[in-house]
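Q: Supplied in structure tokens, the structure appears directly below.
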Amino acid sequence: MNKKIVGIAVLAVVVVAAVAVWWARSHRRHDDALVFQGNVDLRQVTLAFDGSGRVAELRADEGQRVAAGTVLAVLDTQTLRLELDQARAQAAAQQQVVQRLRNGARPEEVAQARSRLAAAEADAGRAGRDLARQREIAANTQGRGVSAQELDHAADTARGANARVDEMRAALRLVERGARAEDVAGAEAQWKAALAQVAVLEHQIGQGELKSPVDAVVRARLLEAGDMATPQRPVFTLALDRPKWVRIYAGEPDLARIRPGMAARVRTDGHPAPLAGHVGYISSVAEFTPKSVQTEELRSSLVYEVRVLVDDPADVLRLGQPASVQLANGATP
């Protein structure tokens, strides 16, 4: 009978010890888990046109998912397109000027210059012969057959004809040598300036289309067709799907138990199924508890911002939504 009582007592001791071990382990697991309250946060992009103009068309609404490169809005660029046509015509005309200077004179122009030189040489030869004949007559008649005035006139005519020959010879050399390098360089610079003006207008017309820079969701549509847009007036606000995170604040006692990469489980009231995540950022600077922080004990203290990145493939989290974050101490994703 005593042996039976002893056995029962030993069994009771073993059961109590097992229950104590189980309670200790479960209590330790509970102590190891850190629970914080925070809010969902994500990045936003505010889009505005680089130039000014009247909005001609809007192609996106709130809540619409858009891909990178999608045209969201268009400005009226009719005036710019007319200016572009004019600039292209001016550039084409200046290109022809450059081409003409590079090619030099045409064969017909060279032949014309040579003909003018030959005509001037013929006139100079005739004037020289007339002058020689007048001088010979004056010498044979002792000045009585030709007056001094006639001799002076013949000499002036001969000098003028010779000057004309020099002028035509110089003109022929200019035609044969072509345009000066400075003239060609100046014409080329004007052509480049015209092409640059064309490029500027094309760029301004391209800026008349407002495109999404990333894959995102339209959060706000701030202008409508017919409104005047400027670089200071946003047209859309986009919310980025990724990354999403929950912003929490940890006090000094819990900070030593949190490290980057620690696994996390995120829950919201409207979506009780937990979402997986991990600690992505821990602030190195303490700050006073913000008014928006939700804690069990409302008190002023120094806390550190922690961002818990969340994997949200179903897109259930919304900006500013309250969320509960549970960090498993020692666990990594």
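Q: From the list E202, E224, which one is over 22 Å from Q94 (Cα atoms), surrounded by fewer than 17 Cβ atoms within 10 Å (Cβ to Cβ) and charged (D, E, K, R)?
A: Among E202, E224, only E224 is over 22 Å from Q94 (Cα atoms), surrounded by fewer than 17 Cβ atoms within 10 Å (Cβ to Cβ) and charged (D, E, K, R).
Q: Related question: Would you pick out the residues in segment 56-105 that are in a helix (DSSP H, G or I) and among the basic types (K, R)?
A: Matches in segment 56-105: R81, R88, R100, R102.
Q: Hey, does segment 67-83 have a residue that's under 30 Å from V184 (Cβ atoms) and modelled with pLDDT of 95 or more?
A: Yes, because at least one residue in segment 67-83 is under 30 Å from V184 (Cβ atoms) and modelled with pLDDT of 95 or more.
Q: Given V165, V214, V218, which one is in a helix (DSSP H, G or I) and of a type in the set (A, V, I, L, M)?
A: V165
Q: In this structure, is D156 acidic (D, E), over 30 Å from D227 (Cβ atoms), in contact with a helix residue (DSSP H, G or I) (Cβ under 7 Å, 6 or more places away or on another chain) and not assigned by TED's automatic domain parsing to the domain that holds L222?
A: No; evaluated as a whole, the condition is false for this residue.
Q: Could you grab the pairs with beta carbons closer than 6 Å, sequence gap of 6+ or different chains, first residue in segment 184-212 and touching a residue at least 12 places away in the same chain (Cβ under 8 Å), second one part of a helix (DSSP H, G or I) and of a type in the set (D, E)?
A: Listed pairs, sorted by first residue: L201/E83.
Q: Among the residues of segment 44-87 satisfying the criterion of being in contact with a helix residue (DSSP H, G or I) (Cβ under 7 Å, 6 or more places away or on another chain) and among the charged types (D, E, K, R), which is farthest from D241 (Cα to Cα)?
A: E83
Q: Mind listing just one residue for me: the one in segment 84-99 that is surrounded by 14 or more Cβ atoms within 10 Å (Cβ to Cβ) and of a type outside the set (V, I, T) and, of those, farthest from G186 (Cα to Cα)?
A: L84
Q: Find the strands (runs of 3 or more DSSP E) located wholly in segment 266-333 whose residues include 3 or more that are out of contact with any Pro (no Cβ under 9 Å at 6 or more places or on another chain) and at pLDDT 80 or above, and list them.
A: So the answer is 302-310, 322-328.
The values are calculated or read from the model by the stated rules, or taken from the named source; none is laboratory data. Predicted, not measured: the structure shown is a model, and the values here were computed from it. Cβ sites come from the backbone with ideal geometry, for glycine too, and all protein chains shown count toward neighbours.
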